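The values are calculated or read from the model by the stated rules, or taken from the named source; none is laboratory data. All values reported here derive from a predicted model rather than from experimental measurement. Please note: Cβ atoms are built from the backbone with ideal geometry, for glycine as well, and neighbour counts cover all protein chains shown.
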Amino acid sequence: MTREELIEKYRHVNVDNNDWWEPVYEDMQTTLDDVGFRVDNFYWTGFWSQGDGACFEGHVYSTPKFFNAHFKQEDYPWIAQLVQMGGYLDISTKHTGRYYHEHSAGVDVTVDRFTEICTLDDLEQEVAVVWDAKLDPEVRPFEKDVAEILRGYMKELYRTLQKEYDYLTSDEAVGEYVDEFFQNELKDAA
């Protein structure tokens, strides 16, 4: 058999029966951890049909990290104020359906209210009610931006998985395996 025939025969040797995607998951998990998001599960299918893609389930564990990594104070001044005062952004993703792409993960965003985080002092409550009225118009656009941000990470995950798969099944990578395997075979035969 020629080297080219061996490469074709062993085309999927680097991606069959091993967890070749684990380093990609670990890199994405580190990236998301750095911005205050913890991944519980990854899902993906690829690279052959229209429904292929990647998504993940998880949640924000650090509101300040997540907000500061993706937004400037002037983007959402009242949400920024809420975060500075210790308010919580409950942000999570959950896979739904049978496909695994960025739109098969629901993104849930709940923003605390100033009236929930302020003490019961009457003056503070009156101020909190006014602040909540200023906060309200920011919530829907913020929810949409957060969903786009998380879906962007999901798209990046899929692109990285595809790039790694393409490399591992490339002539270069498979050729290295073939050369090493058959070189060892020849040594053992001698």
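Cβ-Cβ distances below 6 Å connect the following pairs, each with a first residue in the stretch 64-90 that is farther than 23 Å from ASP33 by Cβ and touching a residue at least 60 places away in the same chain (Cβ under 8 Å), a second residue that is in a helix (DSSP H, G or I) and among the basic types (Lys, Arg), and a separation of six or more residues or different chains: TRP78/LYS134.
Restricting the search to the stretch 42-57, which residues are hydroxyl-bearing (Ser, Thr, Tyr) and in a strand (DSSP E or B)? Once the filter is applied, which keeps residues that are hydroxyl-bearing (Ser, Thr, Tyr) and in a strand (DSSP E or B), the stretch 42-57 yields TYR43, THR45.
Any chance you could count how many residues in the stretch 107-157 are among the hydroxyl-bearing types (Ser, Thr, Tyr) and modelled with pLDDT under 95? Write out each step before concluding.
Going through the stretch 107-157, the residues among the hydroxyl-bearing types (Ser, Thr, Tyr) turn out to be 110, 115, 119, 153.
Within this subset, residues satisfying the condition of being modelled with pLDDT under 95 are 115, 119.
Count: 2.
Going through (1) over 30 Å from LYS9 (Cβ atoms); (2) surrounded by 13 or more Cβ atoms within 10 Å (Cβ to Cβ) one by one, THR160 falls short only on (1). In the stretch 113-134, the count of residues that are closer than 30 Å to PHE42 by Cα, surrounded by 15 or more Cβ atoms within 10 Å (Cβ to Cβ) and of a type outside the set (Lys, Arg) is zero. Restricting ASP132, ASP136, ASP145 to residues that are in contact with a Lys or Arg (Cβ under 6 Å, 6 or more places away or on another chain) and assigned to a helix (DSSP H, G or I) narrows the list to ASP132.
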